[in-house]
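The structure appears below as structure tokens.
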Amino acid sequence: MRLLRIGTWRNNPASSWLMQFSFLWLLSQHCCRASAVWTAYMNISFHVGNRMLSELGETGVFGRSSALKRVAGVIVPPEGKTQNACNPSTSFSRTPKNSETWLALVERGGCTFTQKIKVAVEKGASGVIIYNFPGTGSQVFPMSHQAFEDIVVVMIGNLKGMEILHLIQKGVHVTVMIEVGRKHIIWMNQYFVSFVIVTTATLAYFIFYHIRRLWVARIQSRRWQQLTTDLKKACDQLQLRVLKEGDKEVSPNGDSCVVCFDLYKPNDTVRILTCKHFFHKNCIDPWILAHGTCPICKCDILKALGIQVDVEDETESLQVLMLNELPGILSPREEGTNNELPPAGRSNKVTHLEEEKYPTSQNDGPSNSVAADVHSPP
């Protein structure tokens with residue numbers, strides 16, 4: 001698992017997204033204003049023999065522009081086979097008993113609701129009952145139509161409409177009393193429902209993402225702080241040496257620092273790593289704090305010194321764990337592509353300190369003190 005250092009969580013993206021969400025919410029509220037829908041209680045009465053039967057139920061819905069009032073009368077369908085009342089010459093058969101107040105029973109389809117209502121009103125109807133398409137069962141919805149003064153417009157289901165029509169066609173006298181039922185608020189249409197679902201899902205994802213990111217950032221921050229402390233501790237345990245005149249490293253055939261590519265000079269302070277490679281102290285210290293490995297052989301400094309690193313996957317090298325930590329720092333090979341090549345025969349040469357000059361015990365491990373020949377430059 002890579003140890004990625006994640007910066008402090010910022011709420012700017014979330015704030016910007018919430019502002020956009022608020023704007024879309026207000027826009028949708030303006031485009032999809034809340035509308036009230038009223039149901040209709042219908043008391044349908046008819047004679048069967050010597051008995052009067054009646055049925056009361058909340059079976060209808062008032063049209064959006066319908067008059068909301070109580071109305072009663074005889075139900076009268078259009079004459080002929082066509083029951084949609086779309087033709088302006090459509091006639092309704094009435095008897096003297098129901099000549100005062102009657103309601104037209106019209107089938108949906110063939111023309112607009114406004115046209116059906118207009119034809120029935122011109123024929124003298126006090127209200128219009130429109131039943132739904134065949135196959136829709138008891139489904140109803142609030143109709144949109146032109147407003148007609150004091151005219152009640154109600155939609156009922158197809159099953160109920162066909163039941164009333166069959167009774168009338170059999171010669172049964174059917175009356176109805178319509179009363180205003182309950183009020184229902186419709187806040188959204190189908191497009192707004194889809195918008196709310198998508199927006200809610202997106203908002204939930206963003207909340208989960210930022211919470212998880214903040215949680216991971218805290219864990220990685222603690223690990224990085226511990227890793228930085230361990231690297232500083234390891235750096236203090238590495239040997240130092242001050243080069244002097246006459247040392248092999250400062251001779252004309254000496255090596256150069258693979259970090260800065262400068263030749264070693266007298267009085268230069270070098271740090272000796274656990275793998276016996278050495279570099280300028282000012283060059284290698286930032287490298288160790290950023291990478292934790294030798295620039296040449298990739299030796300893991302912490303493992304070599306026996307310092308335990310608290311990471312989930314210890315099999316992964318420290319170099320991989322810190323690869324994305326400081327992307328601005330390039331490896332020596334990458335830096336070499338952007339700088340002049342070092343003198344021939346020196347860049348690929350690995351320099352080792354003579355063990356007799358810098359004795360180290362294999363059992364005692366790396367020394368915690370500075371080498372004996374370290375001294376301040378004159």
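General observations
- Among the conditions (1) of a type in the set (Ser, Thr, Tyr); (2) within 50 Å of the chain's Cα centre (by Cα); (3) in the same structural domain as TRP102 (by TED's automatic domain parsing), THR200 misses just one, which is (3).
- Within region 266-279, the set of residues being surrounded by fewer than 19 Cβ atoms within 10 Å (Cβ to Cβ) and either modelled with pLDDT of 85 or more or within 20 Å of TRP224 (Cα to Cα) (or both) comprises PRO266, ASN267, THR269, CYS275.
- Residues considered: LEU263, LEU243, LEU227, LEU231. Of these, the only one that is in contact with a Leu (Cβ under 6 Å, 6 or more places away or on another chain) and surrounded by 15 or more Cβ atoms within 10 Å (Cβ to Cβ) is LEU231.
- Scan of region 48-72 for residues that are assigned to a loop (DSSP other than H, G, I, E, B), of a type in the set (A, V, I, L, M, F, W, C) and buried (at least 16 other Cβ atoms within 10 Å of the Cβ), ordered by number: ALA67
- Flag if ARG182 is out of contact with any helix residue (DSSP H, G or I) (no Cβ under 7 Å at 6 or more places or on another chain), of a type in the set (Lys, Arg) and either outside any helix (DSSP H, G or I) or touching a residue at least 40 places away in the same chain (Cβ under 8 Å) (or both): yes
- For GLU100, the conditions (1) loosely packed, with under 14 Cβ neighbours inside 10 Å; (2) at pLDDT 95 or above all hold with the exception of (2).
- Restricting attention to region 237-286, the residues that are in a strand (DSSP E or B), among the aliphatic types (A, V, I, L, M) and closer than 23 Å to ILE307 by Cα add up to 3.
The values are calculated or read from the model by the stated rules, or taken from the named source; none is laboratory data. Everything numeric here is computed off the predicted structure, so don't read it as measured data. Neighbour counts are summed over all protein chains in view; Cβ atoms, including those assigned to glycine, are modelled from backbone coordinates with ideal geometry.
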